[in-house]
Amino acid sequence: MLAAPPASRTSRPSSRESAPQGPHEPEYTVSVVDSLTRWAELAKDWNDLLGQSWANVVFLTWEWLYTWAECFWSAGAELFILTVSRGGELVGVAPWCIQRRSWGLVTVRQIEFLGASGADSDYLDVFARRGEEKEIARCIYDFLFHEASSRWETLALLDIPADSLFLLHLLNDIAEDGKHVEIQPGAFCPIVQLPTTQAEFMASLSPHRRAQVTRHERLLQRAGKVEHVTTTTRDGLDTSALDALYALYPWKSGTEKAQFHRFLQRFLTRAGGRDWVQVDLLTVDAKPVAGLFHLRSGVTLFQYLLAADKTAYPKTSVGNLLIGFCLQKAIADNFAEYDILRGSEDYKFHWATGGRRSLSVHLYQRRLPAFLLVGLKALKTLLKVLLR
């Protein structure tokens, strides 16, 4: 159950200097959405705004994050979504919650992104209507340190995209006020920039990589009939393909499998016929040996979940072979890039031509729990310097 903090509240407009406004233009207001009921009412406006923003990815859709809250919510957490409106129109969203985090004897109320744990969501961000990112960042910043100041001690923007416009303007506001902020490197998402033809793609591979792909494909063909099967939500997702993928994945426990299965099934139900999900299987004589769960967004295909039976054909990397097939199909489907998402596994860098970096940003209020936490972190850093 979600905790039930006070009802939604509206802030005063930002006191900071903002872009010039006409005499009759409405001001920005910030409200807190703290119940699933109110959040559900925002579904259409939420996705409409996301589609107008620079942060438009499936991980930030209402369907993804609402389903995450249903399946991965932790006891004691509070929903803390900030919405920014102007003239009754939604123009900005901070998809946050408040978690109680403990470091030794120190416990703080920490603002975090929804979707940050359990579902491995990437590119979580505060999104806004294009052209209004600066004003919306200012409104949210002022709201945090005025109307909402009693509700939190730390703000942790973990793995926020390094090129986030919200982050750019937030850091400017922090610097202007002279507040302390910690910025650390976050995750790295390897990316493959796709050429326009499959021939160009094969030519771009190193001679060793081309030879390896060809050799592994021939080894599988000797074992039986090799097929690459693709199904999408646009065409009506074949649930048997999803079941085959689940069966191949090395789950840590039955509980993890059940929880993740419930999450994806609910998300797929909510996604309906939207062109958001693609499941790919590599089969030998109709038996699945590798599977990929992809998310589709604009010109980018995201590799979300890879599963492979490594024991079926030990001399063949069936997972890498499936990735190669998917890259070629992505080119045929006119995708411009293939995002392998966060992770340092070797196979991800076999294909990558570049990548995107995220940052982890921590902001603190002038409160005793925050002071103690900063002190503990500083002590830990000092000990590392002295002992290593």
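The values are calculated or read from the model by the stated rules, or taken from the named source; none is laboratory data. Computed from a predicted model, the values in this text were never measured in an experiment. FYI the Cβ positions are ideal-geometry reconstructions off the backbone, even for glycines, and counts take in every protein chain you see. Calculation scope for accessible area: heavy atoms of the full protein, side chains included, ligands and nucleic acids excluded. Shrake-Rupley method; radii C 1.70, N 1.55, O 1.52, S 1.80 Å.
With respect to (1) assigned to a loop (DSSP other than H, G, I, E, B); (2) open to solvent by less than 10 Å² (accessible area, probe 1.4 Å); (3) in contact with a Leu (Cβ under 8 Å, 6 or more places away or on another chain), the lone exception for Ala69 is condition (1).
When Leu387, Leu382, Leu368 are checked against the criterion of being open to solvent by 80 Å² or more (accessible area, probe 1.4 Å), over 26 Å from Val126 (Cα atoms) and modelled with pLDDT under 70, Leu382 stands alone in meeting it.
Conditions (1) basic (Lys, Arg); (2) outside any loop (DSSP other than H, G, I, E, B); (3) out of contact with any Pro (no Cβ under 7 Å at 6 or more places or on another chain), marked per residue:
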| residue | (1), (2), (3) |
| --- | --- |
| Arg209 | yes, yes, yes |
| Gln212 | no, yes, yes |
| Glu217 | no, yes, yes |
| Leu220 | no, yes, yes |
| Thr231 | no, yes, yes |
| Arg234 | yes, no, yes |
| Leu237 | no, no, yes |
| Asp243 | no, yes, yes |
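Here the condition is being in a helix (DSSP H, G or I) and basic (Lys, Arg); of Arg130, Arg109, Arg138, it holds for Arg138 alone.
Within the range 302-317, does at least one residue satisfy the condition of being free of Cβ contacts under 8 Å to residues at least 40 places away in the same chain and under 14 Å from Val226 (Cβ atoms)? Yes, there is a match, as at least one residue in the range 302-317 is free of Cβ contacts under 8 Å to residues at least 40 places away in the same chain and under 14 Å from Val226 (Cβ atoms). Once the range 233-253 is narrowed to residues that are open to solvent by less than 60 Å² (accessible area, probe 1.4 Å) and more than 15 Å from Leu305 (Cα to Cα), the residue that is modelled with the highest pLDDT is Thr233.
Could you please tell me which pairs satisfy a Cβ distance under 6 Å, a separation of 6+ or placement on different chains, a first residue in the range 42-68 that is among the acidic types (Asp, Glu), and a second residue that is surrounded by fewer than 22 Cβ atoms within 10 Å (Cβ to Cβ)? Cβ pairs passing all conditions: Asp45/Leu90; Glu63/Arg270; Glu63/Ala271.
The number of residues in the range 300-336 that are within 17 Å of the chain's Cα centre (by Cα) and closer than 22 Å to Leu205 by Cα comes to 5. I need the full set of residues from the range 254-271 which are among the basic types (Lys, Arg) and either closer than 25 Å to Val57 by Cβ or at pLDDT 90 or above (or both), in order please. Of everything in the range 254-271, those that are among the basic types (Lys, Arg) and either closer than 25 Å to Val57 by Cβ or at pLDDT 90 or above (or both) turn out to be Arg262, Arg266, Arg270. Could you tell me whether Leu171 is surrounded by 12 or more Cβ atoms within 10 Å (Cβ to Cβ), at negative phi, at pLDDT 95 or above and under 24 Å from the mean Cα position of the chain (by Cα)? Yes, satisfied.
If you go through the range 336-354 and keep only what is of a type in the set (Lys, Arg) and assigned to a helix (DSSP H, G or I), you end up with just Lys348.
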